[in-house]
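Nothing in this text is a laboratory measurement; each read-out follows from the coordinates by a stated rule. Because the structure is a prediction, the values reported are computed rather than measured. In this analysis, Cβ positions are derived from the backbone assuming ideal geometry, glycine residues included, and neighbour counts consider all displayed protein chains.
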Amino acid sequence: MKEDPLVSIFDKAKDKAEQAMGTAKEKLGNATDNDDLRDSGKADQTSGEVKEAGHDLRDKAQGAVQDAKDKFGN
């Protein structure tokens with residue numbers, strides 16, 4: 001089962017957006033001395049990074065499976 005490459009691109013874009021929002025929240029939290037906002041921003045950044053890494057691993061695994069199928073004839 002092959003995944004649509006557009007889904008992968010969309011997932012990665014969402015991950016990057018989550019990281020960017022986290023960065024903005026962290027900076028706003030720092031500027032306003034709001035620890036909760038700063039910590040929430042850091043958590044969003046970490047969450048986006050973890051999701052991005054997971055999507056990268058998924059894509060690499062799918063590529064390896066496809067390479068094996070190509071090599072050994074499905």
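If you count Lys pairs in the chain whose Cα atoms are under 15 Å apart, skipping same-chain pairs closer than 8 places in sequence, the total is 13. Modelled spin labels at residue 17 and residue 65, positioned 7 Å past Cα toward Cβ, are 2.6 nm from each other. Taking all Cα pairs closer than 8 Å and separated by 6 or more residues, the relative contact order of the chain comes to 31 percent. The stretch between residue 7 and residue 72 holds 20.7 nm of extra length on full extension. This uses 0.36 nm per residue minus the Cα-Cα distance. Computed on the Cα atoms alone, the convex hull of the chain gives a volume of 59 cubic angstrom per residue.
For the Cα atoms of the chain, what angle does the longest principal axis make with the long axis of helix 5-32, in degrees from 0 to 90, nearest 10? Orientation of helix 5-32: about 10 degrees from the principal axis.
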